[in-house]
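Notes follow once the structure below has been shown.
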Amino acid sequence: MTTTAIETRPAEVLRVTGPDESYLLVAELFGMGAPIQITWVFDDDPGDAAIDSLRAGLAAGPLHRAVSRRRVPFARHRWVRSPLPVPTAPVEVVDADGVGQWADAVLRASRLDPVRGIGWQLDSARIRGGGRAVSLLASHMITDGHGLYRLVADAAAGRTASLPAAADGGPFWDVVRIDAADAAASVRAAARSVRILIREARASKPADTGSAPRASHTTGSGRPRSGPDPDTTLATVDVSATEWAARAAEHGGTGNSLFTALLAGIVHRSGRPITGPMKVCLAVSTRDGEDDNRANASGGVWIRLADPVEPDTDLTTIRSSSKRAFVDYADSGADQVADNLQPIVRMLPRRLIGRLMRGIPGPDTTVSNLGTTPDSALRIGGRTASGFAIRAVMQGMPAQERRVRGPAIAAWAVTYGDTVTLTFFGIDPDDFGDPDGLRTLIADELTAWRIGHRFW
């Protein structure tokens, strides 16, 4: 494959805005990063040349970006082409049953810095006996799951459109003039958002935040925990797509509602104390077609489950609640409280922003179902992956923050061929801080739903 970089100038300046601006604030205020990882497993090795070609294609495209700071207060920062060289890594060798452990290690060792321009990395490992494992890491600040699919497909096909370099913004005073216009628009957006937030505050009633207060260093059952705080935990498991669809249909649901029920059941099975309804965040893609060039175009809606979700339970309530939440978001997304915080936050002092962000409660669990993986995202160098997984984690969050902020656990699902691959990220150190314990919770819940499974 020959990669040709097409130097295109966007019709308008590509700004750091929306979810990518939120991730930028989290990185600058708290030192936390959020890498996304795609892992491919190939039975037939695509070869070093194919991996190098994919790396070159990604480097020539919009994934290779950095932040150019605004020149005028209240304006949004710009996305520009990264000035740094393309990251490379030596090819490792792993056993077939060690691919999951290798991918975990690559993810944990990563220290992406998308602000400076180190926002992604591509690693691979030959599998003893034949095959190849490939890992692509990209900061959630610069893309989301569906966006990464498109970037991979474009890079593999030689379709690349590089962002402008920081020096291409034009003369200094032209940059200032454009930033001043953006700052004025930000002030108008903030004024509109204030009106929406005041209206919503008047209309809303006080509600229970959900999770019970947590004491430090306790297990989910309240027993004291000794020793250092556990790290976050990771697990990846394959299930049959046919079985998955059959169980969902048997109980009046879809794959999405079954996935939600599975996570809710794992939370209950962990013994995590919850007061009031369980809060579940369902990820939503807000990307608007192939011409949507936003870095991160993801959002989320919340549903609340009043009763514990038991295995083999009826899924119609979860299905109807999720559908209603998605429809409401699509109909009134511009009026959502979360979508109207950003213009206001941009105007506030850093110290106050930090206090506000720490005070925002999180859900008990987050589920992200990316649906069927496009064939174009499964292929590297003409080979199609036999295994595929995607996940996103948060790095650098202290244990006490993980206890009180939420979510306690997050999970992702992708479907390809007759496989659904589920990835889990245990966040709360007390309820999901034991790697073997997390696997046991997942296995027990899948078994209770009569779904066979195989861990990576």
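The values are calculated or read from the model by the stated rules, or taken from the named source; none is laboratory data. Just so it is clear, the model here is predicted, and its values are computed rather than measured. Glycine gets a Cβ as well: all are built from the backbone with ideal geometry, and neighbour counts include every protein chain shown. SASA here: full protein model, heavy atoms, side chains in, ligands and nucleic acids out. Shrake-Rupley method; radii C 1.70, N 1.55, O 1.52, S 1.80 Å.
For Trp412, the solvent-accessible surface with a 1.4 Å probe is about 30 Å², rounded to the nearest 10. Count Lys and Arg as plus one, Asp and Glu as minus one, and take only other residues whose Cβ is under 11 Å from that of Glu310; the net charge is then -3. Solvent-accessible surface of the range 342-456, taken per residue with a 1.4 Å probe and all protein chains present: 39 Å². Between Ala306 and Lys323, the simple label model (points 7 Å from Cα in the Cβ direction) yields a spacing of 2.0 nm. Go ahead and run the numbers for FRET between Arg454 and Arg350, Cβ-Cβ distance against an R0 of 51 Å, rounding to 0.05. The pair Arg454/Arg350 has a calculated efficiency of 0.65. Solvent exposure of the range 228-273, expressed per residue, is 30 Å² of accessible area, with all protein chains present and a 1.4 angstrom probe. Distance between the pseudo-spin-label points of Thr316 and Ala96 (7 Å out from Cα toward the beta carbon): 4.6 nm. Volume per residue of the convex hull around the Cα atoms, evaluated for the range 14-167, comes out as 107 Å³.
Each residue, Ser285 and Val187, gets one label point 7 Å from its Cα in the Cβ direction; the gap between the two is 3.9 nm. For Ala408, the residues whose amide H sits under 5 Å from its own are Thr365, ignoring neighbours fewer than 5 places away on the same chain, with H placed 1.01 Å from N. Surface composition of the range 14-81: carbon plus sulfur atoms contribute 52% of the solvent-accessible area (1.4 Å probe, protein chains only, all chains present).
For the range 47-87, the per residue solvent-accessible surface stands at 39 Å², with DNA, RNA and ligands left out and a 1.4 Å probe. Here's how it looks for Ile380: its modeled amide H is under 5 Å from those of Ala385, which are all 5 or more places away or on a different chain. Give me the log10 of I(q) over I(0) for the range 49-101 at q = 0.13 Å⁻¹, as the Debye formula computes it from C-alpha points; what are the numbers? Reported log10 I(q)/I(0), two decimals: -0.55. Within the accessible surface of the range 372-456, defined with a 1.4 Å probe on protein heavy atoms only, the carbon and sulfur portion equals 52 percent.
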